[in-house]
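Values quoted throughout were computed directly from the atomic coordinates according to the rules given, and no laboratory measurement underlies them. Please read these numbers as outputs of a predicted model, since none were measured by experiment. We place every Cβ from the backbone using ideal geometry, glycine too, and count neighbours over all the protein chains shown.
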Amino acid sequence: MKKITYIILSLFVLFPMACHAAVATTSGERELNVYLFTLNECDKCEDVKKYIEAKHDKNNRIILNEINVNEKEEVYEKAKEILKFKSDNYPLVIIGTDYFIGYDNKKLDSAIKSYLNNEDYCNLVYRIENNKDISNCLEINKDIYKSTNSNLLLSIVLLVAIGLIIGITSFIIIKRKVK
């Protein structure tokens with residue numbers, strides 16, 4: 001009887017960990033291009049650059065592409081038009097079709113994680129630089145960065161449901177053994 005109880009309790013603890021490990025190892029291997037638009041002598045731009053480079057050191061799939069707005073103004077203006085942001089503040093980071101003005105490492109981390117876990121994102125800046133079709137970029141990427149929290153919630157609900165199933169099954173098994 002005690003043996004069955006220990007096995008069931010072990011399943012409660014180990015099964016969620018195994019599920020998390022399986023989900024964590026299924027991400028793809030595509031490189032993530034992060035575009036940092038800068039101006040000369042921009043201190044915050046340097047801070048963002050150092051932060052993203054440190055992220056690259058931890059995960060070599062992250063590629064930092066620094067673009068000086070004065071040198072590639074046409075790329076910047078086209079991205080600005082497509083993404084519909086009005087501000088000319090820097091630093092500007094574009095990942096896929098999500099952009100971040102200023103330096104907010106939590107938002108950057110969240111976006112980087114979201115895009116690294118998605119194999120099929122549209123790299124808007126690359127397409128602009130290489131005169132490729134950009135017509136479907138916003139549609140392809142529409143839920144990548146925004147869906148991070150809903151994916152977490154779905155995982156939690158799934159783990160709770162599995163825990164309930166194991167708990168109810170354990171209760172039934174134990175009840176039958178008692179009789």
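Within the shell defined by Cβ-Cβ distances under 14 Å, the residues around residue 74 carry a net charge of -1, with Lys and Arg each +1 and Asp and Glu each -1. For the peptides 60-67, 107-114, 32-39, the ranking by packing is 32-39, 107-114, 60-67, with the highest mean count of neighbouring Cβ atoms within 10 Å listed first. The calculated P(r) of region 32-145, using every Cα pair and 5 Å bins from 0, goes 2, 12, 25, 25, 22, 11, 3, 0 in percent.
Checking the Cα-Cα distances for 44/106; 86/142; 44/142 against a 18 Å cut-off, the pairs over it are 86/142; 44/142. For residue 177, a cut-off of 18 angstrom between C-alpha atoms picks up these lysines, skipping any fewer than 8 places away in its own chain: 2, 3.
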